[in-house]
Amino acid sequence: MIPIVEQDVVRVVIDWLKESSNIIILTGPELSLESGIPDFADSKFNPNIREFRENPAVREAYWQKIGKLYPVLSQAEPNSAHKAVAELEIICNVDYIFTGSTDGLQQKSGSSSVVELLGSILWVTCPNCGKDYSLEQINTQLQDGKKIPACEECNNDLLKPPISFPGQPLPHWELREAWMKLNNCDLFFIIGAYLDDSPLSSLQTIAAESGSKIAIVNERQSEADNYADAVIYGKPTMVISHIVSQIKKDIKAS
Ligand SMILES: [Zn+2]
């Protein structure tokens, strides 16, 4: 249940979702954290890119960590928050879902217009010959006893997922796309993402400058809340599911 004090804010956000004609949703890693999936784009999770390239021990430590997490990641299913976001796309005027998650669970939930702003953990590229590998193929190498996975074509062992490690620039095309779309939206709905110290903090600023309404659903408070028009505190799995079922009830009753 949503606490009574939050009910009014929830109602306001529901009305905005129903009335808005160009909604942009931003989902963050908190959605997947509720299912035990870590944030693979977290700067604390990833090594510095220079150390990764220069020091085999750093690469080995990174891949051992990924190998340990692979069983959880490969069996993960979208939770009720991912599914509710996918439903919002159908019942409201959602233009795009931008995500700071890299685990692919939002796409797996059935969402069609998802743009990954921080890359993906599900595939890996060889920086030398450009060959792509699924994380499953990389995991097979790790299970076969390889400490650092290598390219089967050219034997390069600097393979990495297309996620920006500390010291690397963010994916430029995707961020530009987000900036452009945010200039034309009338509701920016942030779910399970803390933008204070995030590389995505510019998104909220752009939405605010364009005059769009900003609504946030997060479990904890953060600085960014001060620049939002409405903030609902609660677990995304609980809050978004509630919002979707309420909108569906409203649609049925109208
Ligand atoms: Zn290669």
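Some observations on this one:
- Cross-chain or 6+ apart pairs with Cβ under 7 Å, region 153-167 first and among the aromatic types (Phe, Trp, Tyr), then more than 16 Å from the ligand (Cβ to nearest atom): 165/46; 165/47; 165/48; 165/49; 165/52
- Lone qualifier among 193, 253 - being in contact (Cβ under 8 Å) with a residue 12 or more places away in the chain and either surrounded by fewer than 21 Cβ atoms within 10 Å (Cβ to Cβ) or small (Gly, Ala, Ser) (or both): 193
- Of everything listed in (1) in a helix (DSSP H, G or I); (2) touching a residue at least 40 places away in the same chain (Cβ under 8 Å), the single unmet condition for residue 176 is (2).
- Failed criterion for residue 118 (all others in (1) touching a Ser or Thr at 6+ places or on another chain (Cβ under 9 Å); (2) modelled with pLDDT of 95 or more; (3) of a type outside the set (Gly, Ala, Ser); (4) buried (at least 21 other Cβ atoms within 10 Å of the Cβ) hold): (2)
- The requirement of being part of a loop (DSSP other than H, G, I, E, B), under 27 Å from residue 79 (Cα atoms) and touching a residue at least 60 places away in the same chain (Cβ under 8 Å) is fulfilled somewhere in region 213-230, by at least one residue.
- Just one of the listed residues (100, 110, 104) is small (Gly, Ala, Ser), under 17 Å from the mean Cα position of the chain (by Cα), closer than 23 Å to residue 243 by Cβ and buried (at least 20 other Cβ atoms within 10 Å of the Cβ), and it is 100.
- Within region 95-143, being in a loop (DSSP other than H, G, I, E, B) and within 16 Å of the ligand (Cβ to nearest atom) holds for 126, 127, 128, 129, 130, 131.
The values are calculated or read from the model by the stated rules, or taken from the named source; none is laboratory data. In this text, all values refer to a predicted model and were calculated from it rather than measured experimentally. Ideal geometry is used to build each Cβ from the backbone, glycine not excepted, and the neighbour counts take in all protein chains shown.
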